[in-house]
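For reference, the structure discussed in these notes is given below.
The values are calculated or read from the model by the stated rules, or taken from the named source; none is laboratory data. All figures in this text were calculated on a predicted structure; none of them were measured in a lab. Reconstructed Cβ throughout: ideal geometry from the backbone, glycine too, with neighbour counts over all protein chains shown.
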Amino acid sequence: MKTFNIEVKKRENTGKASSRRLRAEENVPCVMYGGDKIFHFYAHENSFRKMIYTNEVFIIDLDIEGDKHKAVIHEIQFHPVTDKINHIDFIEVFEDKPVNVHIPVELSGSSVGIKNGGKLRQKRRALKVRGLIKHLPSKLNIDITDIDIGHVVKVGDLSYDNLELLDPHRSMVVSVISSRVALKSATMAEAEEAVPEVAEVPETTEEEK
């Protein structure tokens with residue numbers, strides 16, 4: 001897995017007022033759990049762009065004013081209107097301890113089902129895995145060459161060296177469906193969108209009559 005280096009500054013105050021001031025200055029408040037202590041820090045929002053606005057997953061080398069740690073992103077909170085980064089939670093990771101992380105799925109090969117007129121349907125773009133950071137890949141490859149029309153690849157059908165898949169084994173990852181089924185699904189979706197919403201009429205009480 002790729003690494004991403006970032007230098008951050010310690011937070012002296014961690015209240016809501018302090019967070020608002022940091023965001024007003026285009027900084028992002030952050031916290032890191034998982035180790036012997038909790039770290040509060042921040043950096044300018046531009047420092048995180050290449051790390052967040054991508055399909056790739058990184059092991060992050062955090063430099064907290066000279067105090068260095070490895071981490072992965074646990075959660076990102078965005079502003080509901082502007083979509084700017086409001087807050088980031090990190091989990092500290094260690095070379096000798098397994099970590100849970102979502103890794104993107106990458107499809108390869110030319111499906112025989114698609115060649116026969118089928119349509120690809122991908123339900124999961126990433127899978128949750130558990131493993132040591134030295135074993136974590138940047139992507140999980142799935143070869144779809146032998147997937148024919150009507151065939152489904154579930155989590156339980158997959159395996160990767162030194163990794164444990166944590167999603168439910170019966171969960172579908174990718175399938176190839178017939179063009180007729182795909183057309184029917186699209187038509188039903190369009191029909192549902194075309195149905196106007198009917199406002200509920202409140203019941204009239206005896207007092208209102």
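Looking at Gly150, Gly113, Gly156, Gly118, which is the one that is outside the structural domain of Met51 (by TED's automatic domain parsing), on the phi > 0 side of the Ramachandran plot and not acidic (Asp, Glu)? So the residue among Gly150, Gly113, Gly156, Gly118 that is outside the structural domain of Met51 (by TED's automatic domain parsing), on the phi > 0 side of the Ramachandran plot and not acidic (Asp, Glu) is Gly150. For Glu75, the conditions (1) of a type outside the set (Val, Ile, Thr); (2) exposed (fewer than 14 other Cβ atoms within 10 Å of the Cβ); (3) under 23 Å from Pro137 (Cα atoms); (4) touching a residue at least 40 places away in the same chain (Cβ under 8 Å) all hold with the exception of (4). Given the criteria among the aromatic types (Phe, Trp, Tyr) and loosely packed, with under 14 Cβ neighbours inside 10 Å, does Phe90 qualify? No; evaluated as a whole, the condition is false for this residue. With respect to (1) at pLDDT 95 or above; (2) surrounded by 13 or more Cβ atoms within 10 Å (Cβ to Cβ); (3) touching a helix residue (DSSP H, G or I) at 6+ places or on another chain (Cβ under 8 Å), the lone exception for Ile149 is condition (1). Residues in the stretch 102-140 that are among the hydrophobic types (A, V, I, L, M, F, W, C) and in contact with a strand residue (DSSP E or B) (Cβ under 8 Å, 6 or more places away or on another chain): Ile103, Val105, Leu107, Ile114, Leu120, Ala126, Leu127, Val129, Leu132, Ile133, Leu136, Leu140. Taken together, Ile59, Ile6 contain a single residue that is surrounded by 13 or more Cβ atoms within 10 Å (Cβ to Cβ), within 22 Å of the chain's Cα centre (by Cα), β-branched (Val, Ile, Thr) and over 22 Å from Leu127 (Cβ atoms), which is Ile6. Checking each residue of the stretch 166-176 against the condition of being more than 30 Å from Val31 (Cα to Cα), of a type in the set (Ser, Thr, Tyr) and surrounded by fewer than 13 Cβ atoms within 10 Å (Cβ to Cβ) gives no match.
Conditions (1) modelled with pLDDT of 95 or more; (2) of a type in the set (A, V, I, L, M), marked per residue:
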position: Val129; (1), (2): yes, yes
position: Asp161; (1), (2): yes, no
position: Leu165; (1), (2): yes, yes
position: Ile177; (1), (2): no, yes
position: Val181; (1), (2): no, yes
position: Val201; (1), (2): no, yes
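Give the stretch 90-144 a look and list any residue that's in a loop (DSSP other than H, G, I, E, B), in contact (Cβ under 8 Å) with a residue 60 or more places away in the chain and more than 22 Å from the chain's Cα centre (by Cα), or say none. Residues satisfying the conditions are Ser111, Gly117, Gly118.
Is it the case that the stretch 153-170 has a residue that's over 20 Å from the mean Cα position of the chain (by Cα) and of a type in the set (Asp, Glu)? Scanning the stretch 153-170 turns up at least one residue that is over 20 Å from the mean Cα position of the chain (by Cα) and of a type in the set (Asp, Glu).
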